[in-house]
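Q: Let me begin by handing over the structure; questions about it come next.
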Amino acid sequence: MKVEVLVFYISFLLISCDQLSTEAEMLISNTVKRQPKAKKIIIIQPFEGLPQSTTQLIAQQLKEIYSGEVTVKNAISLPKHALNYNKKRYRADSLIRYLGRLVNGNQIIIGLTDKDISTTKGKHSDWGVMGLGNCPGKSCIVSVFKLKGKNRIEKLFKLTIHELGHNYGLANTKTKHCPEKTCFMRDAEGKDHLTELKEFCSKCRLVLIDAGWKLD
Ligand SMILES: [Zn+2]
Ligand SMILES: [Zn+2]
């Protein structure tokens, strides 16, 4: 009788060990699967006319919240082919296509300009915008042209992270934007709500943290 109990006990121990090692393997395979994605290199591409100090401020603030590489390029001229029908502003859609051709798959590029930019929006063939970004994609553009007030550079930075957010696939919903009123991914709806925007909401934040943004 005692021997039978002992055999049962030993086999129970063996089964337990086997279960433990299986669990350990599962943990290891989960760890392998959850390896962080390769961080994108964010390239800041200023266009001529924007003060260099503005580019530097945007780069400095971006470096504070992004753990990957941020590279600042020398200013280039705006491509003439991106001018709109009356040559008064530049087509943001043409500019992000142009910028997209300057980078490879592991890079994201943001153009900064002081010129007025526009795109097609619904029935409006030449709608003025503050920024535009592919969602998801590798290029976006922001303009300081429409920004008013003492905090216009702060607004430009909020726009910068909004358009970069689109590049990371944020707000790729039916409405294209976040419903949270204070989230940086809120829709401008043709107005400047930038002062009201305080942070990325918890949903938007998760996507960016996963991509190497320091938003804790
Ligand atoms: Zn947007
Ligand atoms: Zn949000």
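Please treat every number below as a calculation from the coordinates, not as lab data. This one's a predicted model, so the numbers in the text were calculated from it and none came from an experiment. All Cβ positions, even for glycine, are placed from backbone atoms using ideal geometry, and neighbour counts span all protein chains on display.
Q: For the residues THR160, THR71, what sequence is obtained by ranking on other C-beta atoms within 10 Å, fewest first? Walk me through the intermediate numbers first.
A: On the way: THR160 24, THR71 12.
Fewest-to-most ranking of THR160, THR71: THR71, THR160.
Q: Still on this structure, please answer the following. For the range 108-172, evaluate the Debye formula with one uniform point scatterer on each Cα (no solvent term) and list log10 I(q)/I(0) at q = 0.12, 0.18, 0.22 Å⁻¹, rounded to two decimals.
A: Ignoring solvent entirely, the Cα scatterers give -0.29, -0.64, -0.91.
Q: Going by how many other Cβ atoms sit within 10 Å of their own, how do CYS183, CYS140 line up, fewest first? Don't skip to the end; give the middle numbers.
A: On the way: CYS183 22, CYS140 27.
Result, fewest neighbours first: CYS183, CYS140.
Q: Give me the log10 of I(q) over I(0) for the range 155-216 at q = 0.16 Å⁻¹, as the Debye formula computes it from C-alpha points; what are the numbers?
A: -0.44
Q: Another one. Could you work out Rg/(2.2 N^0.38 Å) for the range 28-161, with Rg from alpha carbons only? Numbers along the way, then the final one.
A: On the way: Rg = 16.2 Å, N = 134, 2.2 N^0.38 = 14.1 Å.
The value comes to 1.14.
Q: Hey, can you grab everything whose amide H is under 5 Å from the amide H of ILE108? Only 5+ residues off in sequence or another chain; H modelled, so Pro and N-termini drop out.
A: ILE41, ILE42, ILE43
Q: Using 0.36 nm times the number of residues separating ASN86 and GLU154, minus their current alpha carbon distance, what extension gain do you get? Kindly include the intermediate steps, with their values, before the conclusion.
A: Values: separation 68, 0.36 × 68 = 24.48 nm, distance 3.08 nm.
Full extension of this stretch gives 21.4 nm more.
Q: Now for a separate question. Taking the Cα centre of each part, how many Å lie between the range 59-89 and the range 149-171?
A: 13 Å
Q: Still on this structure, please answer the following. From the convex hull of the Cα coordinates of the range 101-216, what is the mean projected area in square nanometres?
A: Numbers: hull surface 30.7 nm².
Dividing the Cα hull surface by four gives the mean projection, 7.7 nm².
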